[in-house]
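S.K.: Please find one structure pasted underneath; my questions will follow.
Here, each number is a calculation from the coordinates, and none is a lab measurement. The model shown is predicted, which means the values in this text are computed figures rather than measured ones. Every residue, glycine among them, receives a Cβ derived from its backbone with ideal geometry; neighbour counts consider all protein chains shown.
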Amino acid sequence: MMLGFLLARAGVEILVLEKHADFLRDFRGDTIHPSTLELMYELGLLDEFLKRPHQELHELSGQVGNETFTLADFSHLPTHCKFVAMMPQWDFLNFLVEQGRRYPAFHVEMQAEATDLIEENGRIVGVRVTTPQGQREVRANLIVGADGRHSVIRARAALPSVNLGAPMDVLWMRLSRHPSDGGQTFGHIDRGKMLVLINREDYWQAAMVIPKGASDEIRQRGLPAFREQIASLIPFLRDRVEELQDWKDIRLLTVVVDRLTQWSRPGLLCIGDAAHAMSPIGGVGINLAIQDAVAAANILGPVLMRGTPSQSDLDAVQKRRMFPTRATQRLQLIFQNKIIRRVLASTKPLTLPWFFKLFQRFPYLRRIPARLVGIGFRPEHILSS
Ligand SMILES: Cc1cc2nc3c(=O)[nH]c(=O)nc-3n(C[C@H](O)[C@H](O)[C@H](O)COP(=O)(O)OP(=O)(O)OC[C@H]3O[C@@H](n4cnc5c(N)ncnc54)[C@H](O)[C@@H]3O)c2cc1C
């Protein structure tokens with residue numbers, strides 16, 4: 001959507017196909033990072049954007065056993081917004097659609113699922129689309145696969161990928177939030193358990209991190225045992241875990257970390273999770289997808305105004321974005337393997353590791369994770385006026 005918005009703004013005719021009827025789904029992540037907010041500023045949209053309901057996260061904090069800690073402090077970032085805006089992704093996407101509609105070149109079609117690619121003479125020239133009215137073809141001088149970590153486009157294009165592995169999956173659910181709960185504590189960790197709470201004002205979006213493939217076993221142990229797991233980790237939730245009445249209230253999100261080694265073929269480019277599925281760690285996947293979109297618009301916008309991008313134009317996008325992708329995934333893998341894997345396997349009470357204690361002792365160290373999470377590697381900027 002971001003790439004569509006930027007290209008339409010630059011005068012390129014675009015059509016965004018979205019398979020669902022709306023963006024109202026729970027499983028997308030809610031974090032709009034300082035670097036994305038900076039892009040909103042560069043686009044002149046920041047004030048409008050911040051009028052939307054959101055919470056501002058100035059620090060990243062957590063709790064190990066009974067000890068709380070702060071890992072990142074965004075207040076020193078060299079950006080206009082020194083916080084992460086927590087906004088449900090459907091609100092963010094609706095905002096982009098509304099802004100996009102100001103440009104006549106911007107078109108969005110909902111309930112339009114891309115099912116296959118159309119290839120002619122070794123070049124991708126379009127997609128087959130299924131809509132409520134039936135099937136049809138959409139042709140374009142560039143197809144962009146931005147269809148997420150289970151991308152149909154990348155599968156049909158048979159682009160080569162490497163799977164980097166993930167030791168965990170996530171169970172995703174809502175629990176009501178009371179004003180007395182407090183606001184910002186994020187990750188709660190104790191032996192074998194890890195729960196992340198996202199404050200959505202009237203409810204908590206809760207993410208229970210579980211060992212990869214363990215969801216069937218957890219279901220077999222039963223809902224009361226699962227509720228007890230939550231309540232023993234975060235006692236203030238004990239009075240409302242009964243809200244989880246059915247496994248239907250709890251969604252399994254499978255975590256994938258992978259990346260394409262080749263992001264494009266003639267006529268086709270993949271970006272975002274379709275090019276590199278991100279782990280939820282650091283909540284940076286949305287940000288990275290947006291950065292890809294900005295880089296793609298900067299590189300391909302002027303070319304698309306003149307005609308059809310060449311393979312070397314498409315390669316230039318991969319070249320620009322491969323380093324931030326690799327570096328971010330590298331950090332996510334370190335965190336996954338050194339911390340999450342150990343926490344999930346632990347059977348004894350946990351205490352705060354020495355590494356985290358350093359951040360309590362020397363608060364200025366919190367600026368490093370803040371920079372990595374809030375801005376990331378090689379931040380992009382809007383080049384077109
Ligand atoms: C459990 C979990 C929690 C996460 N939490 C966060 C977080 O808090 N913050 C964060 O930054 N990142 C988070 N991430 C990562 C983040 O969700 C992704 O990195 C990010 O959404 C990628 O954006 P995208 O636009 O590439 O893909 P997506 O957000 O997956 O968007 C793809 C879109 O394409 C549509 N689509 C799919 N297939 C088709 C098709 N065939 N035809 C048409 N449309 C199609 C989908 O409906 C969807 O709207 C999390 C990931 C997981 C697994």
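S.K.: In debye to the nearest 20, how big a dipole does the range 105-221 give about its Cα centre with +1 on each Lys and Arg Cβ and -1 on each Asp and Glu Cβ? Could you put the intermediate results ahead of the total?
M.R.: Working: 15 positive and 14 negative charges, 49 e Å.
It comes to approximately 240 debye.
S.K.: In µm²/s, what is D for the range 75-125 at 4 °C and 1.567 mPa s, where D = kT/(6 pi eta Rh) by Stokes-Einstein and Rh is the Kirkwood radius from Cα pairs?
M.R.: After rounding, the answer is 86 µm²/s.
S.K.: What trypsin sites (Lys or Arg not before Pro) does the range 89-163 have in DSSP loop regions with at most 14 other beta carbons within 10 Å?
M.R.: Details: sites: Arg101, Arg102, Arg123, Arg128, Arg136, Arg139, Arg149, Arg154, Arg156; in loops: Arg101, Arg102, Arg149.
For trypsin sites (Lys or Arg not before Pro) across the range 89-163 that sit outside H, G, I, E and B with at most 14 neighbouring Cβ atoms in 10 Å, the list reads Arg101, Arg102.
S.K.: Residues with beta-carbon under 11 Å from that of Ala8, excluding Ala8: net charge, scoring Lys, Arg +1 and Asp, Glu -1?
M.R.: +2
S.K.: Based on the Cα atoms of the chain, what semi-axes does the equivalent ellipsoid have, where each is the square root of 5 times one gyration tensor eigenvalue, given in whole Å with the largest first?
M.R.: 36, 23, 20
S.K.: Follow-up question, since we're still on this one. Which of the lysines could a cross-linker bridge to Lys338, judged by Cα under 21 Å and excluding same-chain residues fewer than eight apart?
M.R.: Counting by Cα, and skipping residues close in sequence, Lys338 has these lysines nearby: Lys193, Lys212, Lys348, Lys357.
S.K.: Under 19 Å Cα-Cα from Lys82, which lysines qualify once same-chain neighbours fewer than 8 residues away are excluded?
M.R.: By straight Cα distance, Lys82 reaches Lys51.
S.K.: For the chain, return all DSSP H helices satisfying: extent of Cα atoms along own axis at least 24 Å; mean Kyte-Doolittle hydropathy at least -0.5.
M.R.: 285-306
S.K.: Next up: For the range 297-375 and the range 186-262, compute the distance between their C-alpha centroids and round to whole Å.
M.R.: That distance is 24 Å.
S.K.: Once amide H atoms are placed 1.01 Å from N in the peptide plane, what residues at a sequence separation of 5 or more from Gly126, or on another chain, have their amide H within under 5 Å of its amide H?
M.R.: Ile118, Ala140
S.K.: So what is the 222 nm mean residue ellipticity for the chain from helices alone, if each DSSP H run of at least 4 adds -39500 (n - 2.57) and you divide by all residues, rounding to the nearest 500 deg cm²/dmol?
M.R.: After summing the helix terms and dividing by the residues of the chain, the value is -10000 deg cm²/dmol.
S.K.: Where does the Debye-calculated log10 I(q)/I(0) of the range 271-385 sit at q = 0.10, 0.15, 0.22 Å⁻¹, using only Cα point scatterers of equal weight, no solvent?
M.R.: Rounded to two decimals, the profile gives -0.42, -0.77, -1.24.
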